[in-house]
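Here's the structure, in structure tokens; my notes come after.
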């Protein structure tokens, strides 16, 4: 999880204007990827295939929902890897959503201290 959260932190704190660092991308991309990873991890396939399928499916779903958050690929990978299998779908709530919520809250507070940074970006109507 540390690698996925580290990559999310780079986007949240180092590139707050990036579309991939916005709340929709973080929470929707992260949640969908976690769900996909855990669901695919339930299949009776070799671990390397589960992991590849999970990342591929996560990329496709994030692309379709406009929620691309690259660190979420690692979240899907971990969900399928079996490393967190004992958590089942609880993996989505903790550590994934809990960790993302903490990092997002810290980003909101940190960027409030920077007068030249507006985070999150205002969402445009589609």
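Values in this text are rule-based calculations from the coordinates and carry no lab data. Here the structure is a predicted model, which means the values were calculated and not measured. Glycine gets a Cβ as well: all are built from the backbone with ideal geometry, and neighbour counts include every protein chain shown.
General remarks:
- Options (i) 90; (ii) 196; (iii) 106 - which one matches volume of the Cα convex hull per residue in Å³ as calculated here: (i)
- Fewest neighbouring Cβ atoms within 10 Å first, the residues 51, 83 line up as 83, 51.
- The packing ranking of peptides 91-97, 66-72, 20-26, 43-49, highest mean first, is 66-72, 20-26, 91-97, 43-49, where packing means the average number of other beta carbon atoms within 10 angstrom of each residue.
- Helix axis angle, 30-41 relative to the chain longest principal axis, alpha carbon, degrees: 10 degrees
- Cα shape, the stretch 1-68, gyration tensor, a/c 1.5 rule: prolate
- The overall shape of the stretch 40-111 is oblate: from the C-alpha gyration tensor, with semi-axes ordered a ≥ b ≥ c, the ratio a/c is 1.5 or greater and a/b is no larger than b/c.
- The peptide list 33-39, 54-60, 112-118, put in order of mean Cβ contacts within 10 Å with the highest first, becomes 33-39, 54-60, 112-118.
- The C-alpha atoms of the chain define a longest principal axis, and helix 47-65 lies at about 40 degrees to it.
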